[in-house]
Amino acid sequence: MQDALHEVELLRVRLPLVAPFRTARAATFVKDALLVRVRTEAGIGWGECTAPPTPEYDGETVDGSRLALRDHLLPRAFVGAVLDDVRGANAARSALECAVLDARLRATGVSLAAWLGAARTEVDAGVAVGLTDDLDALRRVVAAYATAGYRRIKCKIEPGRDVAVLRAARAEVGPALQLAADANGTYSLDDAFRLFADVDDIGLQCVEQPCASDAIEEHAALVAQVATPVCLDETITSPVAARDALARRACDVVAVKVGRLGIEGARRVHDTCVGAGIAALAGGMLETGIGRAALLAVAALPGFTLTGDCSASERYFGIDGDLTQPFVLEAGRLRVPNGPGLGVEPIPDRLARYTVARERITRRD
Ligand SMILES: [Mg+2]
């Protein structure tokens, strides 16, 4: 049963990042996000749309998500219609799902983690390191995160900036710390084979999304022939896509993005991985504290056996720059929120400071 939806506010927020974040696909200087605040018959709830400003990552954008919500998803949601006949718009749909569920759980006093059946009270923290101008800069960044206590460091790579990056990172952190790579789908199969041959001795946790998101056959070829685990991220757009990738043995590890799959979807992909004996990790999208709370609740599920992308607020926004009370690194871990619903909400003056546009949408009979 879904609670009746009375009113929705879409808030566009822009939070300064402490440092630019560069991947093979895009550079981010400011966190540009869309928050969804719902008022349902249960009360108020929040969700965060994690689609980036530009479509290089997975085709979705924050502007497109806003329009999908305003023009297609919300009119259906207001009358209690199913949303399945709107194709795509995964990030928009996930934000709305989160907000409605948050309102329901707040009303009943249940935390999202408890509702999911996620028993962990804290999760190991991992951090993604963007592409840097040179290896000295990379070494400094990696060393700082290792010193801060992060348990896993994932380096963004692209063709031509990969093996040297990973060797420098490994030399900096030593053999014990978990190290991973993320190519964001930028390698051809031939280049990917060369990459895996060259990094075989580095002891990587995994290489995430070496080839394009729809390149299932290419990833299956890699899994069959390389030693380092292959992780899929952008490919995993739905529970069906996850089942397909697993059935075709296209990955050794699945990165589960709650911002793309939604909370129910993320749990279903998690369950599929557990059933198939495939390792999973919880992947991040530079979320503000709202999205980060959902990410941590999902990451507390037992099938996330590998350390993923759950980072402290400070890594992105500085210690006082998040929308919510900050998530703080404690001995390399982050606490899973245990308050009702997401367990966090925006701090009013921060929300006012970072909001650049807002629109209120109500049911039109
Ligand atoms: Mg990734």
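The values are calculated or read from the model by the stated rules, or taken from the named source; none is laboratory data. Small disclaimer: the values here were computed from a predicted structure and weren't measured. All Cβ positions, even for glycine, are placed from backbone atoms using ideal geometry, and neighbour counts span all protein chains on display.
Taking the criterion of being among the aliphatic types (A, V, I, L, M) and in contact with a Phe, Trp or Tyr (Cβ under 6 Å, 6 or more places away or on another chain), would at least one residue in region 305-313 satisfy it? Outline the logic, then answer.
Restricting attention to region 305-313, the residues satisfying the condition of being among the aliphatic types (A, V, I, L, M) are 306, 312.
Right, trim to in contact with a Phe, Trp or Tyr (Cβ under 6 Å, 6 or more places away or on another chain) and you get 312.
The answer is yes, given that some residue of region 305-313 is among the aliphatic types (A, V, I, L, M) and in contact with a Phe, Trp or Tyr (Cβ under 6 Å, 6 or more places away or on another chain).
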**Asked** Between residues in region 272-284 that are at pLDDT 95 or above and residues that are in a helix (DSSP H, G or I) and among the charged types (D, E, K, R), which pairs lie under 6 Å by C-beta distance while being six or more apart or on different chains?
**Response** Thr272/Arg243
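One residue is enough: does region 42-53 have a residue meeting the conditions farther than 30 Å from Gly185 by Cβ, at pLDDT 95 or above and under 22 Å from the mean Cα position of the chain (by Cα)? Write out each step before concluding.
Just the residues of region 42-53 that are farther than 30 Å from Gly185 by Cβ, to begin with: 42-46.
Then drop every residue that is not at pLDDT 95 or above, which leaves 42-46.
Add one more test, that the residue is under 22 Å from the mean Cα position of the chain (by Cα), and what stays is 45-46.
Yes: region 42-53 contains one or more residues that are farther than 30 Å from Gly185 by Cβ, at pLDDT 95 or above and under 22 Å from the mean Cα position of the chain (by Cα).
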**Fill in**
Among Val86, Val82, the single one that is free of Cβ contacts under 8 Å to residues at least 12 places away in the same chain, assigned by TED's automatic domain parsing to the domain that holds Leu34 and surrounded by fewer than 22 Cβ atoms within 10 Å (Cβ to Cβ) is Val82
**Request:** State whether the residues of region 242-256 include one that is surrounded by 23 or more Cβ atoms within 10 Å (Cβ to Cβ), away from the ligand (no atom under 13 Å from the Cβ) and in contact (Cβ under 8 Å) with a residue 60 or more places away in the chain.
**Result:** no
**Request:** Would you check if Ala293 is surrounded by 22 or more Cβ atoms within 10 Å (Cβ to Cβ), within 16 Å of the ligand (Cβ to nearest atom), assigned to a helix (DSSP H, G or I) and outside the structural domain of Ile44 (by TED's automatic domain parsing)?
**Result:** no
**Message:** Can you pull out every residue in region 43-61 that is within 18 Å of Ala297 (Cβ to Cβ) and in a loop (DSSP other than H, G, I, E, B)?
**Reply:** Thr50
**Asked** Of all residues in region 2-38, which are assigned to a strand (DSSP E or B), in contact with an Asp or Glu (Cβ under 6 Å, 6 or more places away or on another chain) and surrounded by fewer than 17 Cβ atoms within 10 Å (Cβ to Cβ)?
**Response** Arg14
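Looking only at region 346-361, which residues are part of a strand (DSSP E or B) and either free of Cβ contacts under 8 Å to residues at least 60 places away in the same chain or surrounded by fewer than 13 Cβ atoms within 10 Å (Cβ to Cβ) (or both)? Break it down into steps so the answer makes sense when it comes.
In the first step, residues of region 346-361 are kept if they are part of a strand (DSSP E or B); the result is 355-361.
Listed by number, the residues that qualify are Val356, Ala357, Glu359, Arg360.
Every residue in region 296-318 that is part of a helix (DSSP H, G or I) and within 15 Å of the chain's Cα centre (by Cα), please. Can you show your working first?
At the first step, the residues of region 296-318 found to be part of a helix (DSSP H, G or I) are 296-299, 313-317.
Within region 296-318, Leu296, Ala297, Val298, Ala299, Ser313, Arg315, Tyr316 qualify.
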**Request:** From Gly339, Gly277, Gly318, Gly343, grab the single residue that is surrounded by fewer than 19 Cβ atoms within 10 Å (Cβ to Cβ), on the phi > 0 side of the Ramachandran plot and in contact with a strand residue (DSSP E or B) (Cβ under 9 Å, 6 or more places away or on another chain).
**Result:** Gly318
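Is it true that Ser238 is within 14 Å of the ligand (Cβ to nearest atom), surrounded by fewer than 24 Cβ atoms within 10 Å (Cβ to Cβ) and either at pLDDT 95 or above or within 29 Å of Thr28 (Cα to Cα) (or both)? It would help to see each step written out before you state the result.
Working: within 14 Å of the ligand (Cβ to nearest atom): no; surrounded by fewer than 24 Cβ atoms within 10 Å (Cβ to Cβ): yes; either at pLDDT 95 or above or within 29 Å of Thr28 (Cα to Cα) (or both): yes.
So Ser238 fails the test.
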**Request:** Could you run through region 257-274 and say how many residues are part of a helix (DSSP H, G or I), surrounded by 23 or more Cβ atoms within 10 Å (Cβ to Cβ) and under 12 Å from the mean Cα position of the chain (by Cα)?
**Result:** 6
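Just to check your reading of the model, which residue among Ala143, Ala169, Ala137, Ala181 is within 23 Å of Tyr316 (Cβ to Cβ), within 15 Å of the ligand (Cβ to nearest atom) and aliphatic (A, V, I, L, M)? Full working, then the answer.
Values: Ala143 fails: within 15 Å of the ligand (Cβ to nearest atom); Ala169 fails: within 15 Å of the ligand (Cβ to nearest atom); Ala137 fails: within 15 Å of the ligand (Cβ to nearest atom).
Ala181 is the lone residue from the list that is within 23 Å of Tyr316 (Cβ to Cβ), within 15 Å of the ligand (Cβ to nearest atom) and aliphatic (A, V, I, L, M).
Which members of region 102-141 meet the condition of being among the polar types (S, T, N, Q) and either exposed (fewer than 15 other Cβ atoms within 10 Å of the Cβ) or closer than 30 Å to Glu41 by Cβ (or both)? Working first, answer last.
Start the filter on region 102-141 by keeping residues that are among the polar types (S, T, N, Q), which leaves 108, 111, 121, 132.
Correct list: Thr108, Ser111, Thr121.
When you check Asp190 against the structure, is it in the same structural domain as Ala282 (by TED's automatic domain parsing), assigned to a loop (DSSP other than H, G, I, E, B) and surrounded by fewer than 21 Cβ atoms within 10 Å (Cβ to Cβ), yes or no? Working first, answer last.
On the way: in the same structural domain as Ala282 (by TED's automatic domain parsing): yes; assigned to a loop (DSSP other than H, G, I, E, B): no; surrounded by fewer than 21 Cβ atoms within 10 Å (Cβ to Cβ): yes.
Criteria not met by Asp190.
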**Asked** Would it be correct to say that Cys231 is in the same structural domain as Arg194 (by TED's automatic domain parsing), touching a Leu at 6+ places or on another chain (Cβ under 8 Å), without any contact (Cβ under 8 Å) to a residue 60 or more places away in the chain and more than 17 Å from Asp309 (Cα to Cα)?
**Response** no
